[in-house]
Amino acid sequence: MAFKVNIDAAEDYVAGHARVVVVTALGILALAAAAALLVFFIALRGAEQAMVPDLRDKELVAALQELQVKELYPRIQTRYSESVNDRGVVLEQDPVPGTIVKAGRRIKLVVSLGMVVNTIEDYRGRNIEEVRMDLQALFASASMSLLTIKEPFMYEYSSEEAGTILQQKPEPGEPVSGPVTLEFVVSRGPAHVLARVPGLWGLSPAEAAGRLGEAGLGFRFSLREARGSEDFGAVVFQDPAQDSMLESGRPVSVLVTSPAGRLETGEVFALFSYTVPESAYPLPVRLELLLPGANSRELLVEADFGGGGFTFPYLAVPGAVLILSMRGREIYRETVMPPMDELSLDEI
């Protein structure tokens, strides 16, 4: 069977459908462009804005609910506080209340873990200096120290080592609901314990102080000019004499020679002197020298000292600084001055 094709009809059919295809394609492109513009303007507008509420002094759960309503999110940090009633309460926030932010912003909340201690520890039998350092470290990051030590202490002679806590108030186990002042009775050590005085002849001041410290005795230095062939800066006399018996903690008088004109130009050899507060038992004391323009200190002497007149010879240059510390805390500093014969009238 043979078919006859009407060419004109076929051309009309194709032309009509082509117009439909073109119109449809153009419509799709227009819709895509409109959708793109809509997305662009939405993104340009940004997220909804919200005012940060005041969340301070509120329970954490309540604070989180308020943030949820505002479409805000928390970033939580924790720390100890000074009240047992603060546990779980918002202490601080960032940004501050009233700040306008975009929805979805994270708000930093500092929430209390409560008090760092809930009951009084048993400090009896521990050294008072050790307890002091522990408390300082415990509350180093707190705005105030929850536990403080009342000073001066009460002291008693006992068989316990000097510095040992014998009694405390409040008693161990008592609850803590706020700042507490700890009162201690501290041991002076055994009464009237005698120590043998070591021989110090010919030693340097630092060596003599170390020898006396090992024996449980203190020191009191003085100076006199070197005579004849004597070396300066050496011990030439002590009182009491070697092998004498002296009550523990009492000072031994030590005489050291001064240079008598043998110093280099600009050097000073003198006696450092300072009255250290009295204590019931010897405490660690350091005397250091800081030279002009230097960053590090030179240790002159380190010893346990029971208080009173602290004296020690030193060799330095004018402008150097002598620094006296007790228990690791600076208590006094002094600048080295030129000898009197080198001072001008204006300096005097």
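The values are calculated or read from the model by the stated rules, or taken from the named source; none is laboratory data. Treat the numbers as computed from the prediction; the structure is a model and nothing was measured. Note: ideal-geometry Cβ built from the backbone for every residue, glycine included; neighbour counts use all protein chains shown.
Remark: pairs (first residue in the range 322-333, within 22 Å of residue 268 (Cβ to Cβ); second residue assigned to a loop (DSSP other than H, G, I, E, B); Cβ separation under 7 Å; 6+ apart in sequence or on different chains) = 322/336; 323/297. One residue is enough: does the range 313-325 have a residue meeting the conditions in the same structural domain as residue 232 (by TED's automatic domain parsing), among the small types (Gly, Ala, Ser) and at pLDDT below 90? Looking through the range 313-325, none of the residues is in the same structural domain as residue 232 (by TED's automatic domain parsing), among the small types (Gly, Ala, Ser) and at pLDDT below 90.
For the subset of the range 190-224 comprising residues that are in a helix (DSSP H, G or I) and without any contact (Cβ under 8 Å) to a residue 24 or more places away in the chain, which member is surrounded by the most Cβ atoms within 10 Å (Cβ to Cβ)?
So in the range 190-224, the residues in a helix (DSSP H, G or I) come out as 205-214.
From the residues that got through so far, the ones that are without any contact (Cβ under 8 Å) to a residue 24 or more places away in the chain too are 207, 211, 214.
Numbers: 207: 14, 211: 19, 214: 12.
Selected residue: 211.
May I ask you to verify whether residue 323 is among the hydrophobic types (A, V, I, L, M, F, W, C), closer than 30 Å to residue 136 by Cβ and loosely packed, with under 15 Cβ neighbours inside 10 Å? Considered against the rule, which asks whether it is among the hydrophobic types (A, V, I, L, M, F, W, C), closer than 30 Å to residue 136 by Cβ and loosely packed, with under 15 Cβ neighbours inside 10 Å, residue 323 comes out as no. Report yes if residue 256 is closer than 16 Å to residue 199 by Cβ, in contact (Cβ under 8 Å) with a residue 24 or more places away in the chain and buried (at least 18 other Cβ atoms within 10 Å of the Cβ), otherwise no. When the stated conditions are applied, residue 256 passes them. Going by what's in this entry, would residue 263 be described as surrounded by 13 or more Cβ atoms within 10 Å (Cβ to Cβ), out of contact with any Gly (no Cβ under 8 Å at 6 or more places or on another chain) and in a loop (DSSP other than H, G, I, E, B)? Considered against the rule, which asks whether it is surrounded by 13 or more Cβ atoms within 10 Å (Cβ to Cβ), out of contact with any Gly (no Cβ under 8 Å at 6 or more places or on another chain) and in a loop (DSSP other than H, G, I, E, B), residue 263 comes out as yes.
The residues on offer are 153, 221, 237, 184, and the sole one that is in contact with a helix residue (DSSP H, G or I) (Cβ under 8 Å, 6 or more places away or on another chain) and closer than 30 Å to residue 267 by Cα is 221.
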